[in-house]
Every structure is written in structure tokens, then in C-alpha cells.
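This structure is in C-alpha cells; I'll ask about it shortly.
Since every read-out is calculated from the coordinates, none of them should be taken as a lab result. Please read all numbers here as calculations on a predicted model, not as lab measurements. Positions of Cβ are backbone-derived with ideal geometry, glycine not excepted, and every protein chain shown enters the neighbour counts.
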Amino acid sequence: MASSLVIKGGTLVSSEGVRRGDILIEGERIVEVRDAFSSDQSPVTNYQLLDASGLLIFPGLIDVHVHLRQPGGEHKEDFYTGTCAALAGGVTTVFAMPNTSPAVVDETSFDHAMRLAEQNAVCDFSLFLGATTHNSKLKTQNSKLLECGLKIYMGSSTGDLLVEDFAAQYEHFERYPHDRVIAVHAEHEPAVRYFARRGLRRPPICAEIEVSRAVAMAAHCNRRLHVCHVSTRREVEIIADAKARGVPVTCEFTPHHLFLSRQVVQDGGMGEQGDKGRGRQGDKENVNSACGLPPSCFEMNPPLRDQADVDALWANLAVADCIATDHAPHTLEEKRSANPPMGVPGLETMLPLLLTAAHEGRLRLEDIARLCCEGPARIYNIAGKGKIAPGFDADLTLVDPSAEWFIGDKPLFTKCNWTPFAGWPVRGAVQRVFVRGRLAFDAGRIVVERGFGRPVRN
Ligand code: DOR
Ligand code: ZN
Ligand code: ZN
């Protein structure tokens, strides 16, 4: 018989509210959720008991946008270290991007990446298939692939996946199964190049043009579209308008576009946190030397925006269907080089930052459950994850809401071993994480074996 576990007296968080409750788990699944303190129900026998009073319990977070670098970039991250970072951040399922080397663009590369993930991941996962200018017929010819969605780099970024011209983009929109998700990195490549010649790095118009094009194609083909890393007010308006017209589009915001702004590069990495964010160090100069991070550690595609855009994201959280990290680790050596790659890690910092924002009243705990748990499951149609309810996988993130600490104080699991949020004071810490009923992260330690993670089906 499967082992039983009761997690008692925790405060359960969902998009609909926060309530005390007991969770009964058998094997990998939740079998019952009871209101705490109710004494009229039949007692459960032969179970292990975990007292969770004083703790918040979220459904395990689902991060639908991570770069885990394997194969080909194992010096920055791999499926093991990346999923350890996920668990440390309360994330129990990750969707890995295909811009590896080789890129995941056909059956051979997909099977290879899948094998590596199955051998190494410590949380659950799925893999994107990458679009190329030549592979738009792949899905119609091969139904065996079990990818979470198709990723199209409509603008260039790390790696060589780029589908820039209209015909190639359109053929993917037309041919990829219409009820499955196409996720896009939407920056208009001709605009990116044009502004680069003028010394400007990817201004907002680059993203705005390409999001408009993607939405127009999705509307025309009446197909599912997911816009990655929305970073500007105008993109939000375009997507809100498309949703109002019934276009099947969803979108994600990232923690870095919510918590950092262009100012941070000048201010030494403390962004809108201002004096508070300077934490123990005090003045700017100390922060710079304490963090020791070069400006490139605050550069990613799409780039950080002005405060007005950051404010627009916060004011329009209702337009976001999820928050995803775009965890994009690069080594400090690479970041310090003459031509640094774009991207920042984010798996270990997303939940503490959001909990802190909740503590400050900038969003509600319910919003975190909607954006990090239920939303991702809904967008990608993931069965049995994202909620604390009978029949769902027992993926649970237990949080001590009152723990106060500084990001960077605890050792990081990501192989790149830095974070753009180093030194930020946060409130709320991940204490324990369960994946399919197994305790996987316990007080700072990974307690499941390499390869414990399983592929998710959607
Ligand atoms: O900054 C980024 N880094 N944006 C991307 O689109 C890719 C990512 C990476 O893989 O490094
Ligand atoms: Zn991207
Ligand atoms: Zn990305």
C-alpha cells in the first residue's frame, strides 16, 4: 500500500483565497483536503504526520520558461543543478527552452535532451521543441514527440535559433497543432539590428512590433499563442486588446522585469529598492563592491525597461497569465568578457521576491498562486498539477512567511552562482518542498536522488 502523509494545520494558498487546512497524501497524490480543526471526520490511520502550523503552503510552483543549458552549456548549468535551484525556489515543475547546443529541433535532439533530463532532473519537467526555418512540418509528420510546446525565436537571442522572416514564421503558426501552445520570443529582428547600428540596445518598439505581428498571425490562424517575457506597457495593451477580441493569447511577466529597471545598471544593482534595497551595505559604492557584479549581470533580452514600463506591469498583473523566471544562467567569467551573453538566473529568487512584495501589499498571496501555480497549468493544459485538491499530484511548497534574510546569504544551487538580486532583503523562505508526495527539499538541502524528476504530459 502507498504510504500516507498528513500535512496538518498549514495555511493553504490558492487563487481564490487563503485558509487553514490539512492535506492527506497517499503515494504521489493528494487524496483529501480538510478544513483544519474539523473533528467530525473519520480519523486517518497509519499515516505520517507533518505539523505545518505557521507555514504557508502553495501548490508547487510551475516555471514555464527556464534555460537549463544541457546539452552543450554544462559549464553554466545542467538538468541537475538547474532543477536543484528550482526546488530551492519552491518550483516543482520546469519547462526547459530549446536553445541548447545542439538545439532541440528534431526527434534526435529532442530524445537526447529528454534522456539527459530523465537521468538528472530532481523536479518534474517538460521540454520545448525549437522552431527553425525548415522544421515546420515536423509535428505533422511525427506525432511521437511529447513537447510542452513550440518555441519560436522571432528575434535573435542566446544560441542560433532564429525564425525571422514572415513566411517561415507564418508556416509554423499555420501548421503547428492549433490547440497546442506556440511560445514566442517576440523582438523584431530588423528593428533590433537597425537600433543597434544607432547604438541603442533593443528599445521597447522592437518588442512591440513583434508582439503585434505574433498576435495578428495567431488571430488570423485562430491558434494558441503565448508571449514570453512581456516587458513594456504597449505590449500589455496589445495583448489585453487581443484577449478582449477573443484571440487565444496568453502571456508571462518575469521577476526581473517586475523588480528591476534600467536604473539599476547605473545604481549598482539595487533598482527600485532604493535605500532599503541597499540592505546592510549602506551606500552605493559598497553595494557595487559587495555584489561585485558587472553591468552585464543586469542585461538580458528583452532588456530592463524604464520605471514607467515597470509600473505598467505592476498595474496590469491581471493581464498576465503567469510569471516565469526566464532563468538564463551564464558564468561570471562570460558576463565579465568583452562580449557578454544576455540573461540572468531567477529560479531561486522568484518566490522570495514575490512573497516580499506580498508582505508589502503590492500583490496578494492569491496572485502568487494564480500566476506561479494555476496559471502555468492552465496555459499549457498540464493535468494534475497547480492546485492543492484531491486527485492532484502532491507537489507542495511550504514557506515560512516570517523568515527575514538577504538574497545571497544562502548558498545558491544554480551553477552560475550569482544573482542580480544579491543583497536584497526579503521576507519569506522556502522551508520544505514535496514533489509527487516525496520530500525533495528540506531546510536548504536536496533530499531526492538525481533522476527523480519525471516528464510532465500536456
Ligand atoms: O536574456 C536572454 N537569455 N534572453 C533570451 O531570450 C535567451 C536567454 C538565454 O538563453 O541566455
Ligand atoms: Zn526569450
Ligand atoms: Zn528565455
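Rounded to the nearest 500, what is the chain's calculated 222 nm mean residue ellipticity when only DSSP H runs of at least 4 contribute -39500 (n - 2.57) each, over all residues?
-8000 deg cm²/dmol
So between R450 and D165, what do we pick up on full extension, going 0.36 nm a residue minus the alpha carbon distance?
Stretched fully, the R450-D165 segment lengthens by 98.5 nm.
Tell me which DSSP H helices of the chain clear both cut-offs, 18 Å or more of axial length from alpha-carbon atoms and a mean Kyte-Doolittle hydropathy of at least 0.5.
204-221
Still on this structure, please answer the following. How much net charge surrounds R370 when only other residues with a Cβ under 14 Å from its Cβ are counted (Lys, Arg +1; Asp, Glu -1)?
Computed value for this residue: -3.
Would you grab the residues whose amide H sits under 5 Å from the one on R29? Only those 5+ places off in sequence or on another chain, please, with H modelled 1.01 Å from N.
For R29, the qualifying residues are A394.
Please compute the length gained on full extension between A403 and Y194, using 0.36 nm multiplied by the number of residues separating them and subtracting their Cα-Cα distance.
My answer for the length gained is 70.5 nm.
Okay, next question. At a Förster distance of 30 Å, what's the computed FRET efficiency of Q307 paired with S337, Cβ-Cβ distance as r, to 0.05?
Result of the calculation: an efficiency of 0.55.
While we're here: Need the list of lysines near K415 for cross-linking: C-alpha distance under 22 angstrom, and skip anything on the same chain fewer than eight residues off.
Partners found: K76, K335.
With only Lys, Arg, Asp and Glu charged, each at its Cβ (+1 for the first two, -1 for the last two), find how big the charge dipole of the chain is about the Cα centre; round to the nearest 20 debye.
For this selection, approximately 240 debye.
Could you derive backbone 3J(HN,Hα) for segment 145-156 from the dihedral phi with the Karplus parameters 6.51, -1.76 and 1.60 (θ = phi - 60°), listing whole Hz in sequence and x where the residue is Gly or Pro?
4, 10, 8, 7, x, 9, 9, 10, 7, 6, x, 6
Here's another thing I want to ask about it. Once each part is reduced to its C-alpha centroid, what is the distance from segment 292-316 to segment 237-257 in angstrom?
About 18 Å separates the Cα centre of segment 292-316 from the one of segment 237-257.
Grab the other residues whose beta carbon is less than 12 angstrom from that of R20, score K and R as +1, D and E as -1, and report the net.
That sum, taken over residues with Cβ under 12 Å, equals +1.
May I pose another question? Give the lysines whose C-alpha is closer than 26 Å to that of K8, dropping any in the same chain fewer than 8 places away, or say none.
Output for K8: K385, K387.
Ordered by packing density, taken as the mean number of other Cβ atoms within 10 Å over each peptide's residues, highest first, how do 332-342, 446-456 rank?
So the peptides 332-342, 446-456, ranked by packing, come out 446-456, 332-342.
Provide the FRET efficiency to the nearest 0.05 for the R180-S53 pair, computing r from the beta carbons and using R0 = 30 Å.
0.10
Using only alpha carbon pairs under 8 Å that are at least six residues apart, calculate the relative contact order of the chain and give it in whole percent.
Relative contact order, the chain: 22 percent.
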